[in-house]
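Here the structure comes first, spelled out in structure tokens, and everything after it is commentary.
Read-outs throughout are calculated quantities, based only on the coordinates presented, and are distinct from any laboratory measurement. Here the structure is a predicted model, which is why all the values come from computation and not from measurement. Methodologically, a virtual Cβ is constructed for each residue, glycine included, from the backbone with ideal geometry; neighbour enumeration extends over all protein chains shown.
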Amino acid sequence: GEFTVIVGPSGAGKTTVLNILGGMDTCDGGKVLVDGEDISGYRNRKLTSYRRNDIGFVFQFYNLVQNLTALENVELATQICRNPLDAAQVLREVGLEERMDNFPAQLSGGEQQRVAIARALAKNPKLLLCDEPTGALDYNTGKAILKLLQDTCREKGMTVVVITHNSAIAPMADRVIQIKNGRVTAMNVNQHPVSVETIEW
């Protein structure tokens, strides 16, 4: 149930790390330990099962299916995993009770990102991986999305990993990993993480 922020400049390798953690890319050497399991040794079928059941992805540009409603986008993800949550309930939890029947084109950027987060959460994953989840959003909407992610981590005990180039959000994390030129340059544990509402950038 840890909230981790991975920070670094563009091209540092943050997305590559996230994709390796999520089983979408493979590493050239070494081990990738997730929950005590070395996922770098997984074969195709086991890797697919890992992605399907253990990982929830939130992308910068939402990746919603345009001809499905918000509810249908979330339901689609729940059809492929073992212990999904109720799609409508998760949409209510992210504040979209009134927008379930809307298509992505009828939603604001912040609402689309909430659908994307709901889609990932409805899979009931062990690990929620977020690639620049506020990168395409305005300041206030971005803060609201970060609060939603932080609250999800605290309330559901879910491990959340957020990658960003915005180091100002680091104080909200339990752990901060800095990446530069494809290497981890620092890893710090925040003894007293703060609420995102107290952070300005």
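Brief remarks follow.
- When its C-alpha radius of gyration is set against 2.2 N^0.38 Å (N residues), the range 37-130 gives a value of 1.10.
- For the chain, a simple Cβ point-charge model (Lys and Arg +1, Asp and Glu -1, everything else neutral) yields a dipole of about 640 debye relative to the Cα centre.
- Relative to the current alpha-carbon distance between Q106 and Y139, full extension at 0.36 nm per residue lengthens the span by 9.8 nm.
- Label-to-label distance, E155 versus L47, with points set 7 angstrom from Cα along the beta-carbon direction: 3.5 nm.
- Computing FRET efficiency as 1/(1 + (r/R0)^6) for N63 and R183, where r is the C-beta to C-beta distance and R0 is 22 Å, gives about 0.15.
- The ranking of E132, E155, E200 by Cβ neighbour count inside 10 Å, starting from the fewest, reads E200, E155, E132.
- Relative exposure of V194, V90, V7, V74, judged by other C-beta atoms within 10 Å (fewest first): V194, V7, V90, V74
- Extension gain, E97-A168: 0.36 nm per intervening residue step, less the Cα-Cα distance, totals 22.4 nm.
- Based on the convex hull around the alpha carbon atoms, the range 1-53 presents an average projected area of 4.4 nm².
- Expressed per residue, the C-alpha convex hull volume of the range 62-105 stands at 73 Å³.
- Per residue, the convex hull volume that the Cα atoms of the chain enclose (Å³): 122 Å³
- By the rule of a C-alpha distance below 23 Å, with chain neighbours fewer than 8 residues away ignored, the lysines paired with K143 are K14, K156.
- A straight chain from E37 to H192 at 0.36 nm per residue would run longer than the Cα-Cα distance by 52.9 nm.
- Taking a quarter of the surface of the Cα convex hull of the range 105-201 gives a mean projected area of 7.0 nm².
- The GNM of the chain, with springs linking C-alpha atoms under 10 angstrom apart, assigns the highest mean-square fluctuation among R51, R119, R43 to R43.
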